[in-house]
Amino acid sequence: MAASRPTTMGVTKENLHKSNSDPVRRVRHHAKGRAASVSKCYLTLDGYSYVIVASPPERKKDALEEAAITQPGSKNGQLAKQGSLTILRRSSSRSLSGRGSRVSSHSDDDLLDAADLAQDALPSADNPDACEKAALRLRSLLRALQKGEVAASVLQQNLQYAAEVLESTFLDDSRRQVGEEDDELSEVEPDAVPQEVREWLASTFTRQLSTARRRTDEKPKFRSVANAIRAGIFVERIYRRLSSATFLHLPPEVTKILKRVDDWDFNVWSLHEASTNTPLRCLSYELLNRYGLLHKFKMPPATLETFLTQVENGYQKFKNPYHNNVHAADVLQTMHYMLSQTGLMNWLNDIEILATLMAAIIHDYEHTGTTNNFHVMSGSETALLYNDRAVLENHHICAAFRLLRGEESNVLINLSKEEYREFRSLVIEMVLATDMSSHFQQIKALKAMLTIPDTSGFDKSKALSLVLHCCDISHPSKEWSLHERWTTQLLEEFFRQGDKERELGLPYSPLCDRNNTLVAESQIGFIDFIVEPSMAVCGDLLDKVAALSIPATPPISEEPQKQQNEPGGPIKRPVRPSGVVGTEVRRPWQDHLATNKTRWKERAAKDAELRAELALASNVNGDTTANQSEDNENVIKEEDEKDIINEANEESAE
């Protein structure tokens, strides 16, 4: 390909050479120069040489050599003048190496000949038939170029349409790739984790294709994406001191335990016992009071007492082993650690902190102890109400806001309409994000957001949603005694669901069969594929927020005073949180994740050895009945219980 000289129309030797492998891109280069002042330009296209001749409007042309055209005005206002452009084919003995001409059938030739390049009625760029139409137009255009001249207006019209189709397809593909549920599990070798564990991970932390379909009218536009990235600039405020006396009197033992509420390994089970099964009520009041939210939003004491009592009762409605008021208190305390010890609260305004704490308080309100998939498969009333989508999460939000509408429990009564709308919007998004089936999509979105240079372009609701999601699944990142107890409680809840599935004649959900569940392997997979990557992304997010929201050297006058840290008293926003070292957030969860995973691997190895011994004994005796298999599983469970008791005794002795 050659050019007589560089031109202002974008068709130069260099750029034509670069685009030689792409006929569409190659022709689009030609179209960019439709209004420029150029005398001649030579190029080679699919074995033919062409001459592009363009002249300014004042130049007269030979009618036999050139065809005058009127250039339409461009969208950006740069092509308002009239001129002429002609494309002439010249014979060429050169052919493009390595490129063969397209072999077409007679029917294809007929279609190309019949195509009207000047036709205006074309399907819209996002129409399913647009790609086929654009491809036909481009092939017809190429065929016309090979035969002779093509009017520049026709060339412009068809290339513009093809460009719009390509852009629409690019947007569609980009959206599909961003929202695609393909994840880290697809890269795992089949033998890396047991099939049962893999099925549980896939069914719990990914969405079904039938529920992830996207409407065609929801395609993003470049401008809206840019605006979304730039949105989210918020103003920091300093909290007022709490001037009123405490409303709820906590028992001395509870107050003593709450002195350690800032610790990552806070033992919520101790609070549960000391508070006589009201850990959520006591902890919620303590934190709302500490953050100064009771005074800030003028929450009536009696109303707050009623609200917290009813929320706690709602968590105990179904007597779940895991999704109960203790779990809610654990998630709330973990969220408090993230807010107060990492500098995250310095990035938020008063309403956002209130919404963050309230979302943690109600995130599993009235949980049924069964999964979303169980509701869908059993056709429950809740699944029918919410159309099989985020069934439980929608119910938690709806039931909680219905409770907040009650006159005796409306702690938000003194919020303005604008504050209430902001609060409600953030709580809804955060709680919906605890739907485990959106896990991988959420992680991908946050990784993309972390590439933004500063937090001014962050979407706060998505960032806080990730933090709540990580708090919800954080028990494997706590010390072993806490994690093991939570695991036992969760598996018991799974097994109860499996019992219901058996009664209803439904297939067992993963990890719900009491007699065939690989406990150790399931926890290893849970840590490897879910918790560890999530906490890593959360840590990166907190690092970025801490680096921008906390001064490197705080003035002495701004250091927090001792009385501000007393239980039940208000606190200011900490200038230097204890969980921040330099510009990075401490990650106490990393060591616990590694330790807990090692312990589960040791237990998995013991279980595998015991199964092998029992299987060998069964083969030798010739007894392979179902009863013998069940006995084998019982032996393994007894061995696991002995290990748990021994470990608990060792820890007590230490």
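Look at Glu407 and say whether it is among the acidic types (Asp, Glu), open to solvent by less than 10 Å² (accessible area, probe 1.4 Å) and more than 21 Å from the chain's Cα centre (by Cα).
no
With the structure loaded, tell me whether Glu501 is open to solvent by less than 50 Å² (accessible area, probe 1.4 Å), farther than 20 Å from Met335 by Cα, in contact with a Pro (Cβ under 6 Å, 6 or more places away or on another chain) and outside any loop (DSSP other than H, G, I, E, B) or whether it fails that test.
So Glu501 does not fit the description; no.
For the stretch 256-313, name all the residues that are surrounded by fewer than 22 Cβ atoms within 10 Å (Cβ to Cβ), of a type in the set (Lys, Arg), more than 20 Å from Ser481 (Cβ to Cβ) and within 34 Å of the chain's Cα centre (by Cα).
Lys296
Which residues, counting only those in the stretch 391-400, are free of Cβ contacts under 8 Å to residues at least 24 places away in the same chain and either farther than 30 Å from Thr204 by Cα or open to solvent by 10 Å² or more (accessible area, probe 1.4 Å) (or both)?
Residue satisfying the conditions is Cys398 alone.
Quick check, is Asn320 buried (at least 18 other Cβ atoms within 10 Å of the Cβ) and among the polar types (S, T, N, Q)?
Yes; evaluated as a whole, the condition is true for this residue.
From the list Asn373, Asn410, which residue is of a type outside the set (D, E, K, R), in contact (Cβ under 8 Å) with a residue 60 or more places away in the chain and within 21 Å of Phe495 (Cα to Cα)?
Asn373
Out of the stretch 451-478, which residues are under 12 Å from the mean Cα position of the chain (by Cα), of a type in the set (A, V, I, L, M) and either surrounded by fewer than 23 Cβ atoms within 10 Å (Cβ to Cβ) or more than 14 Å from Leu432 (Cβ to Cβ) (or both)?
Within the stretch 451-478, Ala463, Leu466, Val467 meet the criteria.
So which residues in the stretch 290-303 are within 25 Å of Arg260 (Cβ to Cβ) and touching a helix residue (DSSP H, G or I) at 6+ places or on another chain (Cβ under 7 Å)?
Across the stretch 290-303, the qualifying residues are Tyr291, Leu293, Leu294.
Which residue, of Glu613, Glu633, is at pLDDT 75 or above and assigned to a helix (DSSP H, G or I)?
None of the other options fit; the residue is Glu613.
Of all residues in the stretch 117-160, count the ones that are touching a strand residue (DSSP E or B) at 6+ places or on another chain (Cβ under 9 Å) and assigned to a loop (DSSP other than H, G, I, E, B).
Here the count works out to 4.
Determine which single condition Phe440 fails, assuming it passes every other condition in (1) at pLDDT below 95; (2) within 15 Å of the chain's Cα centre (by Cα); (3) not aliphatic (A, V, I, L, M).
Going through the list (1) at pLDDT below 95; (2) within 15 Å of the chain's Cα centre (by Cα); (3) not aliphatic (A, V, I, L, M), Phe440 breaks only (1).
Tell me, which residue of the stretch 143-170 that is open to solvent by 50 Å² or more (accessible area, probe 1.4 Å), touching a residue at least 60 places away in the same chain (Cβ under 8 Å) and touching a helix residue (DSSP H, G or I) at 6+ places or on another chain (Cβ under 8 Å) is nearest to Ala125 (Cα to Cα)?
Leu166
Hey, among Glu429, Glu418, which residue is free of Cβ contacts under 8 Å to residues at least 40 places away in the same chain, in a helix (DSSP H, G or I) and either open to solvent by less than 20 Å² (accessible area, probe 1.4 Å) or touching a helix residue (DSSP H, G or I) at 6+ places or on another chain (Cβ under 6 Å) (or both)?
Glu429
Could you check how many residues of the stretch 479-498 are crowded, with 17+ Cβ neighbours inside 10 Å and of a type in the set (Ser, Thr, Tyr)?
Of the residues in that region, 1 qualify.
What is the number of the single condition among (1) outside any loop (DSSP other than H, G, I, E, B); (2) at pLDDT 80 or above; (3) within 29 Å of Trp347 (Cα to Cα) that Trp264 does not meet?
(1)
The values are calculated or read from the model by the stated rules, or taken from the named source; none is laboratory data. No experiment lies behind these values; they were computed from the predicted model shown. So basically every Cβ, Gly included, is an ideal-geometry build from the backbone, and we count neighbours across all protein chains shown. Heavy atoms of the whole protein, side chains included, go into the accessibility calculation; ligands, DNA and RNA do not. Shrake-Rupley method; radii C 1.70, N 1.55, O 1.52, S 1.80 Å.
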